[in-house]
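**Student:** Let me give you the structure first, and then I'll get to my questions.
Here, each number is a calculation from the coordinates, and none is a lab measurement. These numbers were taken from a predicted model, which means no experiment stands behind them. For neighbour counting, all protein chains shown are included, and Cβ atoms are generated from backbone atoms with ideal geometry for every residue, glycine included.
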Amino acid sequence: MSTILPREEAVETIFSKILASPEASGRLSGVFYDHIDDDHRLTDNDRDHFLQVLFHAYQNGDISALLLELCGRSMFDLLREAYLIPKKFHGKAGENPVLLTDAAGELLPGEKVSAREYAKFKETYEHHECAPRSALYLADGYDLVRTYTEGLNITEEKDNRKRGILALYALPDTCKLGLTEAQAYAVVWDAFQKIQEEAPRAMVYYGQETGLKKENPEKPYDEIGILLPIHEFEKKMLQHLDEIDGIVLACREKMMEKAGNDSLQL
């Protein structure tokens, strides 16, 4: 039997980075223990289902199956909640984050946005000079919550919506370099940690090969997106975006040194 969620491959590097950092290890431990204390631990009233999950986890080495039963989080969900890896980015046409404007800064048809939120976005859009191969959007970001339905089937729902300004950057294609998603997280580890230091409540997304250019669809690229919730960042939005530009561009430069200057057309 396979694992209930796709198993992340080649996780050694990212796990080693967490173990080497007392601060990162402490954050992960804190998130885990917060979820399994008496006030937050999930209790399955169906004993048969609990045992089914427990035995499956043992037989298949599936730690995420057991964690979902105990605290409603997979292994990588806990890493994301501890701000140790980015959220998984589903692409421009995907579910999370949800874009509310187009690349020209205009509201997409059918989207409802308050006048205050749109005014703040337009002000930022007009005054921030985007870095090469980057763009600004108004977007909604979500946490994704997984729960068991019947047996070992899982449903995924959006939760905790945050509306903000999304800075979206193109990065070299790490799949072409033969890297797994976990290995790609390790590549952007330093940049991700610096972003969290600069903007602690930012929502950071990463996607392998989620970016496509119409004129060159056979050459996808990776994307990193940083969503700054308007409520938390509106007073210093431009300052934070300038700092994040510098962090991401430095990361991109290092990635291109490894992948080759032709790995991403700027």
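**Student:** Once amide H atoms are placed 1.01 Å from N in the peptide plane, what residues at a sequence separation of 5 or more from Thr101, or on another chain, have their amide H within under 5 Å of its amide H?
**Tutor:** Amide H neighbours of Thr101: Leu108, Leu138.
**Student:** So what is the 222 nm mean residue ellipticity for the chain from helices alone, if each DSSP H run of at least 4 adds -39500 (n - 2.57) and you divide by all residues, rounding to the nearest 500 deg cm²/dmol? Walk me through the numbers before you get to the answer.
**Tutor:** Details: 10 runs with 110 residues, N = 266.
For the chain, the value works out to -12500 deg cm²/dmol.
**Student:** Tell me, in nm to one decimal, what length is gained between Arg116 and Ser2 on full extension, where the rule is 0.36 nm per residue of separation less the Cα-Cα distance?
**Tutor:** Details: separation 114, 0.36 × 114 = 41.04 nm, distance 4.84 nm.
Gain in length upon complete extension: 36.2 nm.
**Student:** Now for a separate question. May I ask you to list the GluC sites (Glu not before Pro) in segment 108-205 that are in a DSSP loop and have at most 14 other Cβ atoms within 10 Å of their Cβ?
**Tutor:** The qualifying sites are Glu111, Glu129, Glu150.
**Student:** Normalising by the residue count of the chain, find the relative contact order in percent from Cα pairs under 8 Å and 6+ residues apart.
**Tutor:** Values: 385 pairs, mean separation 51.5, N = 266.
Relative contact order here is 19 percent.
**Student:** For Ala250 and Ala20 in one chain, what is 0.36 nm times their gap in residues minus the Cα-Cα distance, to one decimal in nm?
**Tutor:** Working: separation 230, 0.36 × 230 = 82.80 nm, distance 2.29 nm.
Contour length minus Cα-Cα distance gives 80.5 nm.
**Student:** Determine the alpha carbon to alpha carbon distance for each of Lys158/Lys235; Lys158/Lys254; Lys120/Lys254 and list only those over 29 Å.
**Tutor:** Values: Lys158/Lys235 27 Å; Lys158/Lys254 34 Å; Lys120/Lys254 33 Å.
Checking Cα-Cα distances, Lys158/Lys254; Lys120/Lys254 exceed 29 Å.
**Student:** Could I ask something else about it? Lys/Arg Cβ at +1, Asp/Glu Cβ at -1, dipole of the chain taken about the Cα centre: which of Pro86, Ser21, Val248 is farthest positive-ward?
**Tutor:** Positive-end residue among those listed: Val248.
**Student:** Which label marks the calculated value of percent of Cα pairs over 34 Å apart, given the options [x] 29; [y] 6; [z] 23?
**Tutor:** [z]
**Student:** Right, here's the next one. Once you sort the root eigenvalues of the Cα gyration tensor of segment 8-85 as a ≥ b ≥ c, which label holds: rounded (a/c under 1.5), prolate (a/b larger than b/c) or oblate (the other case)? The partial results should precede the final answer.
**Tutor:** Numbers: a/c = 3.07, a/b = 1.50, b/c = 2.06.
Because a/c hits 1.5 or more and a/b fails to exceed b/c, segment 8-85 counts as oblate.
**Student:** Could you list the GluC sites (Glu not before Pro) in segment 2-60 that lie in coil according to DSSP, counting only those with at most 12 other Cβ atoms within 10 Å of their Cβ? It would help to have the intermediate numbers written out before the result.
**Tutor:** On the way: sites: Glu8, Glu9, Glu12, Glu23; in loops: Glu8, Glu9.
In loop regions of segment 2-60 (DSSP not H, G, I, E or B), the sparsely surrounded GluC sites (Glu not before Pro) are Glu9.
**Student:** A further question on this structure: On a 25 Å Cα-Cα criterion, which of the cross-link pairs Lys194/Lys219; Lys122/Lys162; Lys122/Lys236; Lys88/Lys122 come out too long?
**Tutor:** Values: Lys194/Lys219 29 Å; Lys122/Lys162 18 Å; Lys122/Lys236 15 Å; Lys88/Lys122 27 Å.
Over 25 Å apart, Cα to Cα: Lys194/Lys219; Lys88/Lys122.
**Student:** In debye, nearest 20, what is the charge dipole magnitude of the chain about its Cα centre with +1 on Lys and Arg Cβ and -1 on Asp and Glu Cβ, if you could check? The partial results should precede the final answer.
**Tutor:** On the way: 31 positive and 47 negative charges, 92 e Å.
The calculated dipole for the chain is roughly 440 debye.
**Student:** For every other residue with a beta carbon closer than 11 angstrom to the beta carbon of Leu100, add +1 if it is Lys or Arg and -1 if Asp or Glu, then tell me the sum.
**Tutor:** So the environment of Leu100 carries a net charge of -3.
**Student:** Then there is this: Can you list the HN-Hα couplings for segment 142-149, worked out from phi with the Karplus curve (6.51, -1.76, 1.60; θ = phi - 60°), rounded to whole Hz and with x for Gly and Pro?
**Tutor:** 9, 8, 9, 10, 10, 9, 6, 10
**Student:** Between Glu129 and His90, what length in nm is gained on full extension when 0.36 nm per residue of separation is reduced by their alpha carbon distance? Intermediate values should be presented prior to the final figure.
**Tutor:** On the way: separation 39, 0.36 × 39 = 14.04 nm, distance 2.55 nm.
Length gained, Glu129 through His90: 11.5 nm.
**Student:** If you don't mind, there's one more thing I want to ask. Along the charge dipole of the chain, Cβ charges K/R +1 and D/E -1, which of Leu264, Gly151, Leu99 sits furthest on the positive end?
**Tutor:** The residue sitting most towards the positive pole is Leu264.
**Student:** List every residue whose amide H lies under 5 Å from the amide H of Ile85, counting only residues 5 or more places away in sequence or on a different chain, with H placed 1.01 Å from N in the peptide plane.
**Tutor:** Those lying under 5 Å, H to H, from Ile85 are Arg80.
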